1. Rg and Dmax of segment 3-132, using alpha carbons, in Å: what are they?
2. From the helices alone, meaning DSSP H stretches of at least four residues, give me the mean residue ellipticity at 222 nm for the chain, per-run term -39500 (n - 2.57), in deg cm²/dmol to the nearest 500.
3. Leaving out same-chain residues fewer than 8 places away, which aspartates and glutamates sit with a Cα under 16 Å from that of LYS110?
4. Obtain the nm distance between the two label points defined at ASP68 and ARG4 by a simple spin-label model: each point lies 7 Å from its Cα along the Cα-to-C-beta direction.
5. Looking at LEU35, ILE108, PHE53, which one has the Cα that reaches farthest to the positive end of the dipole of the chain (charges on Cβ: Lys, Arg +1; Asp, Glu -1)?
6. Restricting attention to the alpha-carbon atoms of segment 22-98, what are Rg (one decimal) and Dmax (integer), both in Å?
7. Using the Cα centre of the chain as the reference point, and only Cβ charges (+1 on K/R, -1 on D/E), how large is the resulting charge dipole? Debye, rounded to the nearest 20.
8. Which ³J(HN,Hα) values in Hz, rounded to whole numbers, follow from the phi angles of segment 15-29 under the Karplus curve 6.51 cos²θ - 1.76 cosθ + 1.60, where θ = phi - 60° and Gly and Pro get x?
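We did not get these values from a lab; they are worked out from the coordinates using the rules stated. Fair warning: this is a prediction, and the values are worked out from it, not measured in the lab. Glycine also receives a Cβ, built like all others from the backbone with ideal geometry; neighbour counts cover every protein chain displayed.
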Amino acid sequence: MQYRMYVDEVGNADLGSSDNPNHRFLSLTGVIVQLQSEARVIHADMEAIKTEFFGGHPDEPVVFHRKDILNAQKAFRPLMDPDVRNRFDAQILEKLRSWTYTVISVCIDKKAHKERYAVRNVSMTLRHLRHKITVVW
């Protein structure tokens with residue numbers, strides 16, 4: 001069986017900002033789906049939602065960015081309408097409940113990292129950890 005993993009980060013690897021409570025943490029999250037399920041179900045569902053709410057177009061694809069969705073910015077301006085927002089939220093939650101996927105996440109406390117490993121930066125540590133982790137399905 002083949003899998004696809006989508007990875008995204010919240011925060012940045014800059015240790016200089018680790019004393020600021022708003023920039024203290026770096027989180028990496030991966031969502032793992034079966035390739036067949038992603039191709040047949042998830043992708044089709046996401047494209048249908050994009051088309052219904054935002055008029056998705058292949059030359060200007062809608063990319064789901066949390067900040068833009070929450071703030072109803074860019075392609076997500078229709079979400080300024082509370083009725084549209086409620087319908088969109090309900091559909092997304094319904095799909096998240098119906099799909100089969102696995103979520104893995106790691107959160108790094110950059111302040112603690114800086115205090116413990118004064119020489120290394122977070123990016124170096126992540127590269128080091130990547131070589132130590134083996135995932136078997």
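1. Values for segment 3-132 (Cα only, Rg and Dmax): 18.3, 52 Å.
2. -11500 deg cm²/dmol
3. Cα-Cα hits under 16 Å: GLU9, ASP14, ASP19.
4. The answer from the label model is 1.8 nm.
5. ILE108
6. Expressed in Å, the Cα Rg and Dmax of segment 22-98 come to 14.1, 39.
7. 680
8. 6, x, 9, 5, 7, 7, x, 7, 10, 6, 10, 10, 10, 10, 10
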